[in-house]
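The values are calculated or read from the model by the stated rules, or taken from the named source; none is laboratory data. Since the model is a prediction, treat every value here as computed from it, not as a measurement. Positions of Cβ are backbone-derived with ideal geometry, glycine not excepted, and every protein chain shown enters the neighbour counts.
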Amino acid sequence: MAKESSNRTVEEQWRAILAGDHPAERRYRRIFGWLPSNPRCRWCNAPFQGPGATIMHLMGKHPSNTNPNFCNICDDFARQNIGGAEVELAMLFADVRGSTTLAEQMDITEFSQLISRFYAVATSVLIRHDAFIDKLVGDQATGFFLPGIAGLDYNRQAVLAAQELLQATGYADHAGPWVPVGIGVHTGTAFVGAVGAKDGIADITALGDAVNIAARLSSNAGPGEILVSEEAYAAAGVDYEPVEQRSLSLKGRTQPVTVRVLRLSA
């Protein structure tokens, strides 16, 4: 996490980082992302294991004692700068479909290994597309694509990442997928920044209605489906023909949401 001028407000600091006013921030994220290995800092991609972790230790980076999801430097910045800014971004939510049934059919160790493999694959795909990995929890992986990190084509990167994730989980293989995955992609405005307490645990996340829509799209996606909201599909500048359109009634919304349904062919 890049250090900011003390003359800036917390909102201005976050907006500058999220808008990419610090090119070094994006460059370091990309470099760290190529170093082995997972797990790693959710914000700067600093690896916590393998040879890459040795390099990070020389740079003064290591897992935070307060929040192991972040390195000590990113965690310190978040706790010292509680707050954030409203920004445009694309959101990707990927769920392992039918995970409850899978857990019943497999022993605990086997199921744990399956989910760990899914996390590792999802992390690699999201990092390659310059996403901020928001969560790896339960049976879900979440990535946010910010213009200051993923570039001006952040909407396109979200759609491409979703397709690559299906490919990486076997949906383009004749043998079929090794794990059932459904994905939702949406674009919009959300609050992005640090929430929590300065003297406690702080988390860097995105909040808002647009985030809720993306999450609900993924929960409505069947195995092998990517549900891309009409807004995200248009903003991504992709043109896949023919593409199924579907109207969804999402929980908590009075108006239906139109989505494009993308799949891979084996």
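See the values below:
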item: Lone unmet requirement of (1) crowded, with 17+ Cβ neighbours inside 10 Å; (2) aromatic (Phe, Trp, Tyr); (3) closer than 30 Å to Glu225 by Cα; (4) in contact with a Gly (Cβ under 9 Å, 6 or more places away or on another chain) for Phe32; result: (3)
item: Which numbered condition Cys44 fails, given (1) at pLDDT 90 or above; (2) part of a helix (DSSP H, G or I); result: (2)
item: Output for region 233-261, where each listed residue is closer than 17 Å to Gly188 by Cα and surrounded by 10 or more Cβ atoms within 10 Å (Cβ to Cβ); result: Tyr233, Ala234, Ala235, Ala236, Gly237, Leu250, Arg253, Pro256, Val257, Thr258, Val259, Arg260
